[in-house]
Ligand SMILES: [Zn+2]
């Protein structure tokens, strides 16, 4: 059972794939008896799974925390105020913390990469759906 509310949490998230609640995860017991999480499809996890001596444990999330970090890519057609609307969607509508945002434009198109704090994959799915409803947004997807 993974308790994100415990201090410190009773698991560690590996930075290679940064799983969040809702992702399929694999838990590995490290030498110091800590559970380390990877996404089920993470290449590092695949390697650990096949290597000798690593213990795999069944895991499930319990409780809630909203401090999981995800990165989103948002692309589309550039127009006035689109950045403002994207930011408003994330912070005002969804009430998520933006940790980092990088917005670049080329003639006619924009590309935005943003790092956010979320609780679960459901929130990410809901946010992407909302972002895609903004006029001009063609693509909104979690990348890590
Ligand atoms: Zn991983």
* Structure fact -> Scanning the range 52-65 for residues that are farther than 30 Å from residue 116 by Cβ and more than 14 Å from the ligand (Cβ to nearest atom), the one surrounded by the most Cβ atoms within 10 Å (Cβ to Cβ) turns out to be 55
* To do: Go through the range 26-51 and count every residue that is within 20 Å of residue 5 (Cβ to Cβ) and more than 9 Å from the ligand (Cβ to nearest atom).
  => 3
* Could you please let me know if residue 90 is within 17 Å of the chain's Cα centre (by Cα), surrounded by 14 or more Cβ atoms within 10 Å (Cβ to Cβ) and within 24 Å of residue 128 (Cα to Cα)? => yes
* Could we say that residue 83 is over 21 Å from residue 130 (Cα atoms) and either within 14 Å of the ligand (Cβ to nearest atom) or in contact (Cβ under 8 Å) with a residue 24 or more places away in the chain (or both) here? -> no
* Test for residue 63: is it at positive phi and out of contact with any strand residue (DSSP E or B) (no Cβ under 7 Å at 6 or more places or on another chain) -> yes
* Structure fact -> Residue set 104, 113, 121; condition exposed (fewer than 12 other Cβ atoms within 10 Å of the Cβ) and away from the ligand (no atom under 13 Å from the Cβ); output residue 104
* Of residues in the range 6-25 being outside any loop (DSSP other than H, G, I, E, B) and within 13 Å of the ligand (Cβ to nearest atom), the one farthest from residue 66 (Cα to Cα) -> 25
* **Tabulated pairs, the range 31-56, first within 18 Å of residue 21 (Cα to Cα) and outside any helix (DSSP H, G or I), second modelled with pLDDT under 85 and within 9 Å of the ligand (Cβ to nearest atom), C-beta under 6 angstrom, 6+ apart or interchain** => 36/14; 37/13; 38/14
* Asked: When both residues are 6+ apart or on different chains and their Cβ atoms are under 6 Å apart, which pairs have a first residue that lies in the range 1-25 and is at pLDDT 80 or above, and a second that is in a loop (DSSP other than H, G, I, E, B) and within 11 Å of the ligand (Cβ to nearest atom)?
  -> 17/42; 18/144; 24/40; 25/19
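The values are calculated or read from the model by the stated rules, or taken from the named source; none is laboratory data. Source: prediction; values computed, not measured. Positions of Cβ are backbone-derived with ideal geometry, glycine not excepted, and every protein chain shown enters the neighbour counts.
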